[in-house]
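Everything below concerns the one structure shown next.
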Amino acid sequence: MKILAIDTSNFTLGIALVDDDKIIGEYITNIKKNHSVRVMPAIEMLLKDCDTLPQDIEKIVVAEGPGSYTGVRIGVTIAKTLAWTLNIPLSGVSSLAVLAASAGSYFNGVISPLFDARRGQIYTGLYQFQESRLLDLASDHLTLTVNWTQRLLNKEEPVLFVGNDLSIHKEQIKADLGDRAYFARVTEQNPRPSELAILGRDKEAVDIHNFVPNYIRLAEAEAKWIEATKGSKLQ
């Protein structure tokens with residue numbers, strides 16, 4: 001099965017083309033530029049370089065969040081449009097799971113991928129590889145870093161932290177977990193779109209029209225609007 005994977009959920013933009021167990025091509029950048037004007041040219045370039053036509057693609061896999069609200073929306077919208085246009089299945093995969101898979105396959109412990117969520121908060125979850133399969137031990141959620149590290153103190157295994165936002169939270173993590181905390185190498189911090197493709201390869205297809213991103217929390221503007229209109233009645 002030839003799969004096109006798309007991840008624009010954070011600063012990292014990743015596109016991959018995978019055919020069964022073979023990674024045909026992969027494109028990754030980690031720069032603060034507008035994904036909306038770059039992702040389609042990146043897809044077109046990758047397909048052209050890999051001598052692949054759009055009609056050759058048999059499935060789309062997209063990083064569904066959490067992450068940047070705008071970034072997640074861009075990736076999901078493009079993935080839905082391509083899947084509908086090409087009449088092929090679409091699957092969504094947690095952006096945090098992709099990050100965990102990109103760094104922790106040989107780590108003997110649990111993996112905590114993270115994205116910064118500002119104000120001392122992180123998006124994170126807990127994963128572990130068992131017999132080459134990535135297991136979800138704690139669902140993706142939003143939490144204060146200090147609350148997360150206190151929760152991890154109850155576990156006996158070492159914890160591998162991974163993500164481009166590690167530098168923001170590393171001091172807190174080290175202070176709370178000491179030598180129980182391990183940190184992925186700099187070459188492992190970018191989520192790999194090829195891992196996204198593999199994770200979504202056998203995942204059940206979603207209903208394209210009803211599929212929505214997993215933001216975990218509302219955007220600040222949306223939350224303020226809901227609070228401001230709470231209790232009001234339509235005239």
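One table, with the values for the structure above:
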{"item": "Residue in segment 41-61 that is under 13 Å from the mean Cα position of the chain (by Cα) and under 19 Å from E195 (Cβ atoms) present", "result": "yes"}
{"item": "Set R133, R119: member being at pLDDT below 95 and more than 15 Å from I216 (Cβ to Cβ)", "result": "R133"}
{"item": "Output for segment 160-216, where each listed residue is under 27 Å from K22 (Cβ atoms), of a type in the set (D, E) and assigned to a helix (DSSP H, G or I)", "result": "E188, E195"}
{"item": "Selected residue (criterion: least open to solvent (accessible area, probe 1.4 Å)) from residues of segment 159-197 that are under 23 Å from I6 (Cβ atoms) and of a type in the set (S, T, Y)", "result": "S194"}
{"item": "Only listed residue being farther than 21 Å from I208 by Cα and under 20 Å from the mean Cα position of the chain (by Cα), chosen from R119, R151, R180, R133", "result": "R133"}
{"item": "Test for I24: is it touching a residue at least 12 places away in the same chain (Cβ under 8 Å), over 15 Å from the mean Cα position of the chain (by Cα) and open to solvent by 10 Å² or more (accessible area, probe 1.4 Å)", "result": "yes"}
{"item": "Some residue of segment 129-150 being closer than 21 Å to R192 by Cβ and among the β-branched types (V, I, T)", "result": "no"}
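The values are calculated or read from the model by the stated rules, or taken from the named source; none is laboratory data. Computed from a predicted model, the values in this text were never measured in an experiment. For neighbour counting, all protein chains shown are included, and Cβ atoms are generated from backbone atoms with ideal geometry for every residue, glycine included. Areas reflect the complete protein model, heavy atoms only, side chains present, ligands, DNA and RNA absent. Shrake-Rupley method; radii C 1.70, N 1.55, O 1.52, S 1.80 Å.
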